[in-house]
């Protein structure tokens, strides 16, 4: 399992926890929105790892957007849940097979 897939599981789990109605919002408010900044950094790290491993990046990109706009009460809750699901789905997907070029054809002259 690559580092980007591990990070997708971790960030997806955190996003789901932050999306729990009332509990996630209370946690965000009681910590002065600091978890949103931490999640932003984690999503950027996951995006860089995903790009270097040529894995899907859309979950991390949505996570960055979520971290920026999650201060809006109900929008943030919905985005946390959607982002968590997308990250976990991409983490659970089997890696695509490598596309190795075919060896050049040698003709018998």
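Where a number appears in this text, it was derived from the coordinates with a stated rule and is not lab data. Only a predicted model underlies this, so the values are computations on that prediction, with no experimental measurement involved. Glycine also receives a Cβ, built like all others from the backbone with ideal geometry; neighbour counts cover every protein chain displayed.
Listing for the model above:
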| item | result |
| --- | --- |
| Degrees separating the helix 58-69 axis from the principal Cα axis of the chain, which is the longest one | 20 |
| For 57, 94, order by how many other beta-carbon atoms lie within 10 Å, fewest first | 94, 57 |
| Least to most buried among 16, 23 (fewest other Cβ within 10 Å first) | 23, 16 |
| Proxy reagent accessibility, fewest Cβ within 10 Å first, across 9, 71 | 71, 9 |
| Viscosity 0.890 mPa s, 25 °C: Kirkwood-radius Stokes-Einstein D of the chain over Cα pairs, µm²/s | 165 |
| The chain, relative contact order in percent, only Cα pairs under 8 angstrom and at least six apart counted | 38 |
